[in-house]
Amino acid sequence: MKMRLSLFLVLLTVLALALAACGGGTQQATPTEAPAESAATEAAPAATEPPAAAATTAPAAPTGNTLEAVRSRGTLRCAGNQSVPGFGYINPDTNEFEGFDIDFCRVFAVAALGDATALEVRPTTANERFPVLQTGEVDVLSRNTTQTISRDTSLGLNFAPVTFYDGQGMMVRVDSDIDSLEGLAGGTICVQSGTTTEKNLADVYRALGVEFTPVVFDDADATREAYDQGQCDGFTTDKSGLVSQQILLADPAAHKILDATMSKEPLAPAVRHGDDNWFDIVKWSVYCTIAAEEMGINSTNVDSFLGGEDPVIQNLLGEAGDLGVAMGVSNDFCYQIVKQVGNYGEIYDRNLGPDTPFNLPRGLNALYTTPGGIQYAPPFR
């Protein structure tokens, strides 16, 4: 009898503990907690990627509101380049950052702070650019960076609209008699590490069945200088980069860019995953510059469009609607961008156009209304 009573008491105790555990689990599951599947989703990349790829995956991203951080700091931190004339470099006469990508840093500073000069450019190498964005050292990346699926996913980036459509090219010496990629068979090619250029080069030559020797450097300056000193038979990067680097060679006329295009290189600014509002601000700031050019609005005539009756222009310039306020920025953010920095065409021509040493045709980067152009902005409504 005592044994039966003891067994009965044990069963009651176990049942009570089980009920308590179920009740406790229900109380702890609050709407603000991440469900178990979130942890599984975050862990998935580590399970599917090989250990060797660990350095290319995104570290834990900083939490918080990027726009609030920028405003609290009073400056926008933008990762840029300092060695690609026309896109991102330090002007030796002014000691200031200049270039196409740098101007888009200014565009984002205007959107967030209303001031194109409230900007801190962080010069980065190709290998540094992603970690400084991932860890929150900078707010946005605008540094001749190609949008790819792996960067968009495993690196935890959101790419803004493409600001420059490009493709990889090859530079050789005029007196080399090399007229094709195959002409570099058995030769050496200077290439920068940590770039899509390096991988494209290997892929293209593997497909051609042509052997070559890559000579790899950490930054653009070292890559160009090695080629200029004769350490390599060819020099490869994006065609726009080759144009800007050619003018820095000891004898620019002694070199030529082959007709071959080795890849698609859509260059775009990027932000971290996890802050959709900041992504919206950067994205629509780029679109603002394109839309303004579409409508014939530039930095010198923008004031003449104020007070007009066109509802599309009223929305774009912030005279109607609440498009800016919806993102937490001034309603006239696009007006300020155009007034202080310019429309897309102005930014392009100032840095790469006919009055620059590069005289780089717009090609795909012309508006969609121009033959061959594909730049296009969604409606501001």
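Listed values, structure above:
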{"item": "Quarter of the Cα convex hull surface for the range 168-263, i.e. its orientation-mean projected area (nm²)", "result": "5.2"}
{"item": "Charge tally in the Cβ shell below 10 Å around residue 169, where Lys, Arg are +1 and Asp, Glu are -1, residue 169 excluded", "result": "-3"}
{"item": "Neighbour-count order for 181, 141, 248, fewest beta carbons within 10 angstrom listed first", "result": "248, 181, 141"}
{"item": "Lys pairs, the range 232-352 - Cα-Cα below 23 angstrom, 8 or more residues apart or on other chains", "result": "5"}
{"item": "Taking 367, 155 and counting other C-beta atoms within 10 Å, the order from fewest to most", "result": "367, 155"}
{"item": "The range 88-163 - percent relative contact order, Cα under 8 Å, separation 6 or more", "result": "21"}
{"item": "Normalised alpha carbon radius of gyration of the range 265-314 [divisor 2.2 N^0.38 Å]", "result": "1.46"}
{"item": "Residues whose placed amide H lies under 5 Å from that of residue 83, excluding near-sequence neighbours", "result": "none"}
{"item": "Unit charges on C-beta of K, R, D, E only; dipole of the range 178-296, Debye", "result": "160"}
{"item": "Rg/Rg_globular for the range 168-209, with Rg_globular taken as 2.2 N^0.38 Å and Rg from C-alpha atoms", "result": "1.17"}
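Rule-based calculations on the coordinates, nothing more; no lab input. Keep in mind that what you see is a predicted model, and the values were worked out from it rather than measured. Cβ coordinates were reconstructed from backbone atoms using ideal geometry, including for glycine residues, and neighbour counts include every protein chain displayed.
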